[in-house]
Amino acid sequence: MEPFFEGVFRDRRLEKRANQILERIIQTRSAVANRYCQNSTEEMGNRRFMANPRIDNAQIKQAVYLACRAQAEGKAVLAIPGTLEINYQNHIGRLNKEDPDLGLLSNHRDIGFFLHAVLVVDAASGSPLGISWIHEWNREWPDGPPSKPKLQAIETQEAQRCFTGMEETKRQLPGAPHIIFIGERESLHPEEFAAIPDSRCDVFVRWTRDQRLHNRKETLFEHLAALPPEGEMVLPLKESTTQAERPAVLEIRYTRVPVMCSAKGMREAAPPWVDLSVLEFREKAENAPGGGEPVHWRLAATRPIQSLEDARQCAEWYSRRGLIQELFRLLKAGGLDIEAAQYERGYALKRLAIFALQAAVRIMQ
């Protein structure tokens, strides 16, 4: 394995240690130090590296981005963002609630942090190329009993992370001629679509909430439901936590409509509406095996859809969103088992998460 962190650190000893850590995690398929280190001396050096406050995690992330940039050069790519909770409640005895790098998770009880990453994939082959953006963050501890954040505040923060990840991906991948962002469900409001695309970027986001249309009484979902199918396609679905691997026969509808922007969106100078392509891929209930949940995707897209082949291509691209979940599963129990790590400082656990992300990409390749 070629040195991954060459030139990242001024100290060659740190460079050697970082390369060793990444190599060991990949070889052993574990992110737990006493499993991937070969002896006690190596484990001690590993712990010192992870706990070293003079090492900036931004340096490690930049090495990850540069590797992704090299792999994406000259390729059309999919950029797939996702957010993962990393839970260290089982290690609460060795962690400190005063640690600024740890906080409450979504259940408002357990301790840990969140990891947002953008996985870059070759649009033609579906092969993972690297990570173009990493943002590790945590909630602050409340002064009193924890209260549940408002849904609107959560959605605004998620949209901001998604938007920032897209902008950073464009900056990190100057040599990728076409970047197709496959956003998380509901991750962008209509007004954000107007700010992201340029001559080499397109955006796709799945909507499960209806939208208002400009100068029309019908809603977006009503409009789609009234359209006749343009055709069908057979889409191979990969196994996931909610479905078995199987082929799905999908009806295809698509159009372009003016979608109203929200007055509560995150963009202050938002236009009153934005023209978007919208696509619907629907599996008939009788075709879903065993009475299971049929596939039903409604996608909003900046890319003009001019033919049935364009629509089929969009469905194939969107179906690869599952790769980010595959990446995240590799980090958890049954994979690299990052939540079994036993460091005592939040910044060390976050540093390990960056190493584990890059190792997981290499394993998927």
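The values are calculated or read from the model by the stated rules, or taken from the named source; none is laboratory data. A quick note: this is a predicted structure, and the numbers were derived from the prediction, not measured. Note: ideal-geometry Cβ built from the backbone for every residue, glycine included; neighbour counts use all protein chains shown.
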State all residues of the stretch 213-227 that are in contact with a helix residue (DSSP H, G or I) (Cβ under 8 Å, 6 or more places away or on another chain) and surrounded by 16 or more Cβ atoms within 10 Å (Cβ to Cβ); if no residue qualifies, say none. LEU213
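Out of the stretch 310-320, which residues are in a helix (DSSP H, G or I), within 15 Å of the chain's Cα centre (by Cα) and surrounded by fewer than 21 Cβ atoms within 10 Å (Cβ to Cβ)? Steps first, answer last, please.
Narrowing the stretch 310-320 to residues in a helix (DSSP H, G or I): 310-319.
When the remaining residues are screened for being within 15 Å of the chain's Cα centre (by Cα), the result is 317-319.
The answer is SER319, and nothing else.
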Single residue of GLU251, GLU339, GLU280, GLU286 found to be in a helix (DSSP H, G or I) and more than 30 Å from ILE111 (Cβ to Cβ): GLU286
Looking at (1) over 15 Å from ALA311 (Cα atoms); (2) surrounded by 12 or more Cβ atoms within 10 Å (Cβ to Cβ); (3) modelled with pLDDT of 90 or more; (4) within 26 Å of the chain's Cα centre (by Cα), which is the only condition GLN243 fails? (3)
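Please state which one of ASP202, ASP210 is acidic (Asp, Glu), modelled with pLDDT of 75 or more, surrounded by fewer than 15 Cβ atoms within 10 Å (Cβ to Cβ) and farther than 30 Å from LYS97 by Cβ.
Step by step, each of ASP202, ASP210 is checked, and only ASP210 is acidic (Asp, Glu), modelled with pLDDT of 75 or more, surrounded by fewer than 15 Cβ atoms within 10 Å (Cβ to Cβ) and farther than 30 Å from LYS97 by Cβ.
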Pairs under 8 Å by beta carbon, first residue within 18 Å of MET260 (Cβ to Cβ) in the stretch 178-194, partner polar (S, T, N, Q), six or more apart or different chains? GLU186/THR208; HIS189/SER262; PRO190/GLN211; PRO190/SER262; GLU191/SER262; PHE193/THR302
Contact list please: Cβ distance under 8 Å, first residue in the stretch 33-52 and under 16 Å from LEU14 (Cα atoms), second residue of a type in the set (Gly, Ala, Ser) and surrounded by 13 or more Cβ atoms within 10 Å (Cβ to Cβ), pairs at least six apart or on different chains. GLU43/ALA33; ASN46/ALA33; ARG47/ALA33; PHE49/ALA18; MET50/ALA33; MET50/ALA348; ALA51/ALA348
All positions within the stretch 78-129 that are touching a Pro at 6+ places or on another chain (Cβ under 9 Å) and crowded, with 17+ Cβ neighbours inside 10 Å: LEU104, HIS116, ALA117, VAL118, LEU119, VAL120, VAL121
Check the stretch 154-161 and report whether any residue there is touching a helix residue (DSSP H, G or I) at 6+ places or on another chain (Cβ under 7 Å) and modelled with pLDDT of 75 or more. no
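Each row is one residue, and each column tells you yes or no for (1) over 15 Å from ARG362 (Cβ atoms); (2) among the aliphatic types (A, V, I, L, M); (3) assigned to a loop (DSSP other than H, G, I, E, B); (4) modelled with pLDDT of 95 or more.
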residue	(1), (2), (3), (4)
MET1	no, yes, yes, no
GLU23	no, no, no, yes
GLN38	yes, no, yes, no
GLU43	yes, no, no, no
ARG47	yes, no, no, no
PRO53	yes, no, yes, no
CYS68	no, no, no, yes
GLY74	yes, no, yes, yes
LYS97	yes, no, yes, no
Restricting attention to the stretch 297-308, does a residue exist that is in a helix (DSSP H, G or I), within 21 Å of the chain's Cα centre (by Cα) and either modelled with pLDDT under 95 or farther than 17 Å from ALA248 by Cα (or both)? no
Listed residues GLU15, GLU23, GLU2; which is out of contact with any Gly (no Cβ under 8 Å at 6 or more places or on another chain) and surrounded by 15 or more Cβ atoms within 10 Å (Cβ to Cβ)? GLU23
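How many residues are of a type outside the set (Ser, Thr, Tyr) and crowded, with 18+ Cβ neighbours inside 10 Å when one looks only at the stretch 62-77? Working first, answer last.
Within the stretch 62-77, the first condition is being of a type outside the set (Ser, Thr, Tyr), and the residues that meet it are 62-64, 66-77.
Filter once more, keeping what is crowded, with 18+ Cβ neighbours inside 10 Å: 63-64, 67-69, 71-72, 75, 77.
Residues flagged as of a type outside the set (Ser, Thr, Tyr) and crowded, with 18+ Cβ neighbours inside 10 Å within the stretch 62-77 amount to 9.
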Quick one: in the stretch 321-362, of everything that is surrounded by fewer than 20 Cβ atoms within 10 Å (Cβ to Cβ) and under 17 Å from the mean Cα position of the chain (by Cα), which residue is nearest to ASP101 (Cα to Cα)? LYS332
Loosely packed, with under 13 Cβ neighbours inside 10 Å and assigned to a loop (DSSP other than H, G, I, E, B): does that describe ARG10? yes
